[in-house]
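K.L.:
Can you read through this structure? Questions will come right after.
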Amino acid sequence: LGPRKTLMVVDDEPSQRGLLSDMLLPLGFQMLEAESGSACLALTAQYAVDAVLLDVNMPDLSGWQVAQQL
């Protein structure tokens, strides 16, 4: 119900991103995926995102660093 929410899944493992997207798409969410912290920051500059699901341990920026910058 209500406006469709956009979620972003950020994980360096494609299977983990896919798993979350596969679970959330049928519930009516619009999904964006990013393979790194820097890719996440670039996408959030382009798209309005309602929530971000972050992997904590990624090669370039940790999930904690990305959350702080968001």
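The values are calculated or read from the model by the stated rules, or taken from the named source; none is laboratory data. What you see is a predicted model, and the numbers here were worked out from it, not measured in a lab. Don't worry about glycine lacking a Cβ; one is built from the backbone with ideal geometry, like all the others, and counts go over all protein chains shown. Only protein heavy atoms, including side chains, enter the accessible area calculation; ligands, DNA and RNA are left aside. Shrake-Rupley method; radii C 1.70, N 1.55, O 1.52, S 1.80 Å.
K.L.:
Within the range 39-70, track down each residue that is open to solvent by less than 60 Å² (accessible area, probe 1.4 Å) and of a type outside the set (A, V, I, L, M).
P.N.:
Here is the first cut: in the range 39-70, the residues open to solvent by less than 60 Å² (accessible area, probe 1.4 Å) are 39-44, 49, 51-52, 54-55, 58, 61-63, 66-67.
Selection gives C40, T44, D55, S62, G63.
K.L.:
Is it fair to say V10 is modelled with pLDDT of 95 or more, open to solvent by less than 90 Å² (accessible area, probe 1.4 Å) and touching a Gly at 6+ places or on another chain (Cβ under 8 Å)?
P.N.:
Values: modelled with pLDDT of 95 or more: yes; open to solvent by less than 90 Å² (accessible area, probe 1.4 Å): yes; touching a Gly at 6+ places or on another chain (Cβ under 8 Å): yes.
Judged against the criteria, V10 is a match.
K.L.:
Working only within the range 1-34, note down all residues that are acidic (D, E) and out of contact with any helix residue (DSSP H, G or I) (no Cβ under 7 Å at 6 or more places or on another chain). Please lay out each step first, then the result.
P.N.:
Pass one, the range 1-34, residues acidic (D, E): 11-13, 22, 33.
Of everything in the range 1-34, those that are acidic (D, E) and out of contact with any helix residue (DSSP H, G or I) (no Cβ under 7 Å at 6 or more places or on another chain) turn out to be D12, E13, D22.
K.L.:
Right, another one. Take the range 13-34 and flag every residue that is open to solvent by 40 Å² or more (accessible area, probe 1.4 Å), under 15 Å from V56 (Cβ atoms) and of a type outside the set (S, T, N, Q).
P.N.:
First, the residues of the range 13-34 that are open to solvent by 40 Å² or more (accessible area, probe 1.4 Å): 13-16, 19-20, 22-23, 25-27, 29-30, 33.
Then keep just the ones that are under 15 Å from V56 (Cβ atoms); that gives 13, 16, 20.
Across the range 13-34, the qualifying residues are E13, L20.
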